[in-house]
Amino acid sequence: MGLFNLFGGPDVGKLGFGSATTAQEAVAGIDLSGKVAVVTGGSSGIGVETARALSSQGAHTVLAVRNTEAGQATKADILKGSPKAQVDVMSLDLSSLDSVRSFASEFEKTKLPLNILVNNAGVMMCPFSKTKDGHEMQFGTNHLGHFLLTDLLLDNLKQTAKKTGTESRVVLLSSRAHHRTYGEGIRFDKLNSEEGYSPFSAYGQSKLANVLHANELAKRLKAEGADVTVNSVHPGVIATNLGRHLPGPVQWLLNNAVRPFIKNPEQGAATSVFVATNPSLKGVTGEYFADCNVQEKSAFGKDAALGERLWQVSKELTAKK
Ligand SMILES: NC(=O)c1ccc[n+]([C@@H]2O[C@H](COP(=O)([O-])OP(=O)(O)OC[C@H]3O[C@@H](n4cnc5c(N)ncnc54)[C@H](OP(=O)(O)O)[C@@H]3O)[C@@H](O)[C@H]2O)c1
């Protein structure tokens, strides 16, 4: 077990990929020309390296970001290294369901097919606050925004797979923190309540929702015979802007003393890129990956009834009022 592996997971799997693999290594030799990928939160941390790796292999990559200036800066940075890369920036605020709907409709107007959707954006441990639709911020942004986005782009993913004869893939960024949710898993009766709110448990709950969303969508797509796979991933522990709400001393430790012993963003993006592109994963769906290998989900993460209930509730909460 290597130092990078401080937080668990096998070191190297049978393909030779493990905790120290970078996104560029994970995608090396895989031709993505003609494919289109959307990466949410593609202007910071893991999202930048995910977009860089996908576009470097020829995927037309759309950075779906709330800060379009940062998106343009990321695009310029990617083009410096890969002048031929096709990168677009489009506005998406996952904390507003109207913004998610506008993004989906703007994306459909481009008439682009969609092969890869990476639901990467996220917020962690913020003080209690609500999205524009009145949902608790972490559940609303990390789960509900992505739930609606995926739903609105699903037909394109299916049609693209049909037309090209190549499966489309959805990757959801979860976390090992999905093991550390509230006692009841998803607190359906208090989803938007400040009562008993814990920034840490609420983050874990939202990341559990990502795992359950991937499981349930994978199951439904399999049942209808759609050629679209859906998997969730834990990227590792990486010092990014995600830590902005951590207590100051913890941020300091993460950004200084701990940083040399954890993954950098290029390594953090490896599992997303691997799951989104590796040919060996054809047909693999409803799994949870870390360090480019399948990993065990938490007990709640394997709970099919919980996943079905979350699906119904999410449908209701994201329905157009
Ligand atoms: N870093 C880790 O150790 C770690 C561990 C486990 C899981 N993860 C997961 O990995 C993913 C990427 O995290 P990261 O570490 O790369 O964090 P990051 O650097 O903070 O990037 C997160 C991205 O999400 C975007 N975002 C946040 N709220 C949004 C909203 N309402 N609408 C649209 N975009 C929004 C951010 O935009 P702004 O730049 O505008 O804020 C940013 O681009 C997250 O889902 C996170 O939960 C990370």
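The values are calculated or read from the model by the stated rules, or taken from the named source; none is laboratory data. Every value quoted in this text rests on a predicted model; they were computed, and no experiment measured them. We place every Cβ from the backbone using ideal geometry, glycine too, and count neighbours over all the protein chains shown. For the accessible areas, the whole protein counts, side chains as well, though only heavy atoms, and no ligand, DNA or RNA atoms are used. Shrake-Rupley method; radii C 1.70, N 1.55, O 1.52, S 1.80 Å.
Observations on the structure shown:
- GLU106 being loosely packed, with under 15 Cβ neighbours inside 10 Å, modelled with pLDDT of 95 or more, within 14 Å of the ligand (Cβ to nearest atom) and acidic (Asp, Glu): no
- Listed conditions (1) farther than 25 Å from SER99 by Cα; (2) open to solvent by less than 60 Å² (accessible area, probe 1.4 Å); (3) in contact with a helix residue (DSSP H, G or I) (Cβ under 9 Å, 6 or more places away or on another chain) are all met by GLY283, apart from (3).
- Against the test of being of a type in the set (S, T, N, Q) and either closer than 15 Å to LEU306 by Cβ or without any contact (Cβ under 8 Å) to a residue 60 or more places away in the chain (or both), the options SER174, SER168 yield a single qualifying residue, SER174.
- Looking across region 44-74, just one residue is part of a loop (DSSP other than H, G, I, E, B) and either surrounded by 24 or more Cβ atoms within 10 Å (Cβ to Cβ) or acidic (Asp, Glu) (or both), and that is ALA59.
- When region 153-180 is limited to residues that are of a type in the set (Val, Ile, Thr) and more than 18 Å from the chain's Cα centre (by Cα), the one that is least open to solvent (accessible area, probe 1.4 Å) turns out to be THR160.
- Count of region 286-296 residues, restricted to those that are open to solvent by 20 Å² or more (accessible area, probe 1.4 Å) and either without any contact (Cβ under 8 Å) to a residue 24 or more places away in the chain or under 13 Å from HIS178 (Cα atoms) (or both), is 3.
- Single residue of VAL211, VAL233 found to be open to solvent by less than 30 Å² (accessible area, probe 1.4 Å), under 25 Å from TYR182 (Cα atoms), touching a Gly at 6+ places or on another chain (Cβ under 6 Å) and hydrophobic (A, V, I, L, M, F, W, C): VAL211
- Cβ-Cβ distances below 8 Å connect the following pairs, each with a first residue in region 200-226 that is basic (Lys, Arg), a second residue that is within 16 Å of the ligand (Cβ to nearest atom), and a separation of six or more residues or different chains: LYS207/ASN142; LYS207/SER174; LYS207/SER175; LYS207/ALA177; LYS207/HIS178; LYS207/THR181.
- Flag if LEU144 is within 9 Å of the ligand (Cβ to nearest atom), closer than 24 Å to ARG309 by Cβ and either surrounded by 24 or more Cβ atoms within 10 Å (Cβ to Cβ) or without any contact (Cβ under 8 Å) to a residue 24 or more places away in the chain (or both): no
- Test for LEU191: is it touching a helix residue (DSSP H, G or I) at 6+ places or on another chain (Cβ under 7 Å), aliphatic (A, V, I, L, M) and under 12 Å from SER298 (Cβ atoms): no
- Pairing residues of region 111-126 that are modelled with pLDDT under 95 with residues that are open to solvent by 10 Å² or more (accessible area, probe 1.4 Å), at Cβ distances under 7 Å and at least 6 apart in sequence or on separate chains, gives no pairs at all.
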